[in-house]
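Derivation of every value follows stated rules applied to the coordinates shown; laboratory data play no part. Everything quoted here is computed from the prediction, not taken from an experiment. Every residue, glycine as well, gets a Cβ built from its backbone with ideal geometry; the counts of neighbours run over all protein chains shown.
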Amino acid sequence: MRRLVWLAALALGIAANAAAQAGRLSDKDVKDLMEAIDKGRDHFVDALDPQFKHAVMRSPTNEVDVSKYLDDFDKNIHTMKDRFKGDYAASAEVQTVLRQASDVDAYVRQQGAMKGTSEWDELAGQFDALAKAYGTRFPIRENTPVRRLGDKEVAEAADLIAHQASPLKNAMAEDTKHWPEADRKQAEAMEKEAEQLEKDAQIVRERIGGGKPASAEHRSLAERVGRLEFYVTSHSLPRASSVMETIRAAIGKLNQAFGL
């Protein structure tokens with residue numbers, strides 16, 4: 001019963017989040033965003049008061065050399081850019097940059113009007129876009145998890161679902177082959193859903209592989225997986241349930257990647 005309640009809640013959650021779901025940034029989009037952040041950081045630093053840039057900020061517990069801090073910020077941004085690859089999302093490096101940017105954001109907000117505030121406002125918007133691409137929002141807290149699934153990993157998850165669609169169809173047919181005719185007709189309708197599942201997953205894989213937006217296609221795929229899982233679970237189909245375990249893990253990755 002708990003499993004059925006969870007499935008119903010999942011279906012409602014997909015529907016509720018569909019309108020608010022933002023498009024997932026491709027790896028190229030993220031790379032371009034990192035380049036924009038690098039340039040934006042330079043514009044922000046150039047706009048700062050020269051005396052401030054060479055000041056030493058002191059508090060009862062800490063001392064910060066502003067020039068060295070800004071240089072370190074620049075170095076971390078370059079490290080993030082350099083390490084971001086098709087097979088490595090640089091989540092740890094992004095977390096470091098977002099954490100440091102969050103500290104800068106807090107300082108700028110505390111000062112009110114200061115030179116560079118407008119440039120920082122624009123840069124903060126870019127940091128928020130980067131944070132969203134990594135499953136969070138800007139500014140972040142010290143231990144905020146930062147995680148992105150790259151295009152390759154997302155495409156592989158969609159491909160896994162496509163390859164499991166036929167085994168799922170066959171498993172449902174085997175589980176229900178001795179059912180009464182009326183029930184078998186319903187099962188056959190769900191087997192056709194499994195056939196369409198393969199097509200849906202292939203479309204998502206192809207669009208991700210081509211660097212194209214795929215949020216609508218992902219929603220369609222997630223909704224179909226939800227219907228199939230609800231049917232398999234509510235009818236206690238043992239063979240199909242085993243296949244669904246693999247599909248469930250893969251759609252979980254896709255949901256994470258698309259912020260669903």
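Remark: region 27-133 carries a charge dipole of roughly 180 debye about the Cα centre, counting +1 on each Lys and Arg Cβ and -1 on each Asp and Glu Cβ.
Straight-line reach from LYS185: taking Cα to Cα under 19 Å and skipping same-chain neighbours fewer than 8 places apart, the lysines in range are LYS169, LYS177. When only the Cβ of Lys, Arg, Asp and Glu is charged (+1, +1, -1, -1), the dipole of the chain relative to its Cα centre reaches about 600 debye. Each Lys and Arg Cβ is given +1 and each Asp and Glu Cβ -1; about its Cα centre, region 148-260 then shows a dipole of about 260 debye. Across region 27-133, the relative contact order, built from alpha-carbon pairs under 8 Å that are at least six residues apart, equals 39 percent. The C-alpha atoms of the chain define a longest principal axis, and helix 27-47 lies at about 20 degrees to it.
When each of the peptides 180-189, 31-40 is scored by how many other beta carbons lie within 10 Å of its residues on average, the order from highest to lowest is 31-40, 180-189. Tell me the net charge near VAL108. Cut-off is 14 Å between Cβ atoms, VAL108 excluded, with +1 for each Lys or Arg and -1 for each Asp or Glu. Local net charge: -2. Taking the Cα atoms only, what angle lies between the long axis of helix 181-209 and the longest principal axis of the chain, rounded to 10 degrees? Between the helix axis and the principal axis of the chain, the angle is about 30 degrees.
A value for semi-axes √(5λ) of the Cα gyration tensor in Å was derived from the coordinates, and within the list [x] 49, 17, 14; [y] 25, 24, 18; [z] 39, 14, 14 it appears as [x]. As a length-normalised measure over Cα pairs under 8 Å and 6 or more apart, the relative contact order of the chain settles at 26 percent.
Bridging of LYS28 to lysines at a Cα separation below 16 Å is possible for LYS81, LYS85, LYS132, LYS152, LYS212, once same-chain residues fewer than 8 apart are set aside. Each of VAL108, VAL146 was scored by other Cβ atoms within 10 Å of its Cβ. Listed from fewest to most, they are VAL108, VAL146. Pairing the Cα long axis of helix 66-83 with the longest principal axis of the chain, what angle in degrees results, from 0 to 90 and rounded to the nearest 10? Taking the Cα atoms of the chain, the angle to 66-83 is about 30 degrees. Using the alpha-carbon positions of region 149-257, Rg (one decimal) and Dmax (whole number) come out as 14.0, 47 Å.
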